[in-house]
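The values are calculated or read from the model by the stated rules, or taken from the named source; none is laboratory data. Nothing here was measured: the structure is a model prediction, and the numbers come from that model. We place every Cβ from the backbone using ideal geometry, glycine too, and count neighbours over all the protein chains shown. The protein model used for the area step is the full one, side chains on, heavy atoms only, and it has no ligands, DNA or RNA in it. Shrake-Rupley method; radii C 1.70, N 1.55, O 1.52, S 1.80 Å.
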Amino acid sequence: MQNEGLQLRQPLFPFFEEMRMRRRQRGLQFYRKKKKISASAVREAFSWIVLLALAVFLAFVLIWSVGLRTSVIGVSMEPGLTNGQGILVNRLVYRFFSPKQGDVIVFLPHGNQNAQYYVKRVVAGPGQTVQIKDGVLYVDGKAYGEETLDLIASAGIAENEITLSRDEYFVLGDNCNNSEDSRSANIGPVAKNTIVGKAWFHFGNESEGWGLIH
């Protein structure tokens, strides 16, 4: 009888052993699959990090190859730009496009390479007329900047109407009563070939952080 019992139980052992081996194999396959997915995710994340670093590097090279870093000197562009504040200048844009009314430009007066960089805002361009009467700037006979400019104490050479010739621009400082600009005889209208570029980005100062120049 004992032998018969052993004979009945013996066929069950291979079955359980086979089931155990199958579970083990499934577990091993799951582990391998999970490990494979994790490695792929790591490689993908690494590739994104490399691409991001490359993009930052290319942007840095582009800025420093076609751009210029300089600083604002004086208070003529307050409150937007303050004395000593660093700015980035796009030296490429005006090779393809002309300055527009409202652009903040950087130029060398009369192209003098030994002069400091001037940072001013374009208020009029080629072919337009400019005149300052009773503290108000008129461009083509219409009042300009009444909401943003204070009454202008000194008209300078713009006391009489000026017609800008080809590639000439009339510029003012935003803080016009503390600014040496196109009203001054030693500055006058700015020729396009003396413009270094467009001021487009400012670094932080005591009151605000980095940002675009408007």
(request) Filter the range 122-135 down to residues that are among the small types (Gly, Ala, Ser) and outside any strand (DSSP E or B) and give me whichever is farthest from the chain's Cα centre (by Cα). (result) Gly135
(message) Return the residues of the range 189-214 that are closer than 16 Å to Ser76 by Cα and not β-branched (Val, Ile, Thr); say none if nothing qualifies.
(response) Ala199, His202, Asn205, His214
(message) If I filter the range 102-135 down to residues being β-branched (Val, Ile, Thr) and in contact with a Ser or Thr (Cβ under 7 Å, 6 or more places away or on another chain), which single residue comes out as least open to solvent (accessible area, probe 1.4 Å)?
(response) Val106
(message) Of everything in the range 136-190, what is exposed (fewer than 13 other Cβ atoms within 10 Å of the Cβ), of a type in the set (A, V, I, L, M, F, W, C) and not in a strand (DSSP E or B)? Give them in sequence order.
(response) Leu151, Ala153, Ala185
